[in-house]
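Presented below is the structure to which this report refers.
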Amino acid sequence: MTFKRPYGNKPNKTVGPDNIPAYIVKSCSNIFEGPLYTLFSKNKCLFGLWKESIICPVPKAGIKIKVDNYRLVAILSTVAKVFESVIYDQVILHVKSVLSIYQHGFLLKRSILGIDLK
């Protein structure tokens, strides 16, 4: 198991329900790698706290009094994001060769903005 992601997270980002900042997991990844590997490999589901998220309204452009001018952002647990990245890395290894060239969602360097909608 390698800790490659979610270290795009900036240290000043808010913490999730687990109260573990991303920079702690990143800077101590050599310490966390063994215990997290054990947790991830022995448990077939996420723990309750890792399933929780904090929902925050983020204002878009426009009048801030209108509810329509907000989008909701889910702040996830740092450890859950590490778990998801490990799962993603393993799954993508097995399915990448059979994905259509038109598959753009959830793949690196493939934006849905580049799709030609005819």
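The values are calculated or read from the model by the stated rules, or taken from the named source; none is laboratory data. What you see is a predicted model; the values in this text were computed from it and never measured. Don't worry about glycine lacking a Cβ; one is built from the backbone with ideal geometry, like all the others, and counts go over all protein chains shown.
Couple of notes before you dig in:
- Test: Lys4 is modelled with pLDDT under 80 and more than 16 Å from the chain's Cα centre (by Cα): no
- Number of residues in segment 75-106 that are farther than 26 Å from Ser41 by Cβ and within 15 Å of the chain's Cα centre (by Cα) equals 2.
- Test: residue in segment 30-37 that is at pLDDT below 85 and not in a helix (DSSP H, G or I): no
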